[in-house]
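Here is the structure we will look at.
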Amino acid sequence: MADIFWWVIFPYITGTIMIVGLLYRHTFRQLTWAAPSTNFFEKKWLRIGSPLFHYGIVFAFIGHVMGMVIPMEFYQSIGISDHLYHFGAIWGGGLAGLMVVAGLVILLIRKITIDPVRIKAGFADFFSVLALLFVAGTGTYMTVIFNTTVIEYEYRETIGPWFRSLFVLMPKFELMSGVPFIFKLHVASAFAFFATIPFTRLVHIFSFPIRYPSRAPQQYRARDEYQRQES
Ligand code: HEM
């Protein structure tokens, strides 16, 4: 019964909240669809934390497509052994995960310690960083510590096919029952996090994500520099 809740009902409820919430915000609150920059208040740590996090999350996303979306049989058919796949996943995924976690920690400390940044940040801003830190922290722990010290867990036989089965509306929830707890925690917390996206600045994920890490570094220009450019 618990399996049906966590691996059928919960992902569909959280997925529905995310889709309906995004449609609502896009339709009725479009002017709030943004991630306003705090670059004006503090630049040094933002310049380190933000690209670390954003490039890390893009790499981690690619890793998730490789592990959750592409079936294991595909790798076998092109001659990539299980060992080679996990070697790549641990080193590539581990590096991506460490970048994400380090970036988030820098951004969080900056949010707490730099007065104007803290004052401008609302509950939703702190919440999204902490929630991401939890999801990315468990993911990185799984990749870097669990996979190397406990077992090299083959999630491509369980979590991957379960995840894909959600999209054809035939959830194979039974695949999730024997999954190690830390993996279950990671996946369930990721789905809980998805439901919160429409209510935070993370809506910007859905608007040209590739441009965010490299967007104009100066949202606000110093007056003298501006004048120099003008003349
Ligand atoms: C906001 C959503 C998510 C974030 C931020 C996130 C983040 C991460 C990070 C940083 C890692 C470690 C590095 C890596 O392997 O890429 C990881 C690993 C992992 N994640 Fe996620 N994840 C999310 C959602 C999910 C979902 C929905 C699933 C499953 C359906 C999932 C399954 C996994 C698995 C199986 C691993 C271990 C990969 C390995 O060890 O090779 N994640 N995640």
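Values quoted throughout were computed directly from the atomic coordinates according to the rules given, and no laboratory measurement underlies them. Since the structure is predicted, the reported quantities are computational estimates derived from the model, not experimental observations. Backbone-built Cβ (ideal geometry, glycine too); neighbour counts: all protein chains shown.
Charged neighbours of Phe10, selected by a Cβ distance under 14 Å, balance to 0 (K, R count +1; D, E count -1). Legend: ranking of residues Met99, Met170, Met68 from fewest to most surrounding C-beta atoms inside 10 Å; resulting order Met170, Met68, Met99. Taking the chain, how many lysine pairs are there with alpha carbons less than 27 Å apart, if each pair must be eight or more places apart or span two chains? So the count works out to 6. For Tyr24, project a label point 7 Å along Cα to C-beta. Then give me every residue of segment 120-137 with its amide nitrogen under 20 Å of that point. Zone members listed by number: 123-125, 127-128. Computed over every Cα-Cα pair of segment 109-207 and binned at 5 Å starting from 0, the pair-distance distribution P(r) comes out as 2, 11, 17, 18, 17, 14, 10, 6, 4, 1 percent.
Based on Cα contacts under 8 Å between residues 6+ apart, segment 60-176 shows a relative contact order of 34 percent. As a length-normalised measure over Cα pairs under 8 Å and 6 or more apart, the relative contact order of the chain settles at 35 percent.
The residue list Ser37, Phe87, Ile145 was ranked by how far each Cα lies along the charge dipole of segment 1-153 toward its positive end, using unit charges on Cβ atoms, and Ser37 comes out on top.
Subtracting the Cα-Cα distance of Val105 and Ser207 from their residue separation scaled by 0.36 nm leaves 34.3 nm.
Just so you know, the Cα atoms of the chain work out to an Rg and Dmax of 19.8, 71 Å. Counting 0.36 nm for each residue step from Arg47 to Ile13 and taking away their Cα separation leaves a gain of 8.6 nm.
Counting only DSSP H runs of at least 4 residues, each contributing -39500 (n - 2.57), and dividing by the residue count of the chain, the helix-based mean residue ellipticity at 222 nm comes to -18000 deg cm²/dmol. Of the complete DSSP H runs in the chain, those spanning 27 angstrom or more by Cα along the long axis with a mean Kyte-Doolittle score not below 1.0 are 94-113.
Which of rounded, prolate, oblate describes segment 1-131, given a ≥ b ≥ c as roots of the alpha-carbon gyration tensor eigenvalues and a/c under 1.5 marking rounded, otherwise prolate only if a/b is larger than b/c? Judged from the Cα gyration tensor, segment 1-131 comes out oblate (a/c at least 1.5, b/c at or above a/b). Based on the convex hull around the alpha carbon atoms, segment 150-189 presents an average projected area of 2.9 nm². Computed packing ranks the peptides 71-83, 29-41, 194-206 as 194-206, 29-41, 71-83, most packed first, by mean other Cβ atoms within 10 Å.
Other residues whose C-beta falls under 11 angstrom from the C-beta of Leu104 contribute a net charge of +2, scoring Lys and Arg +1 and Asp and Glu -1.
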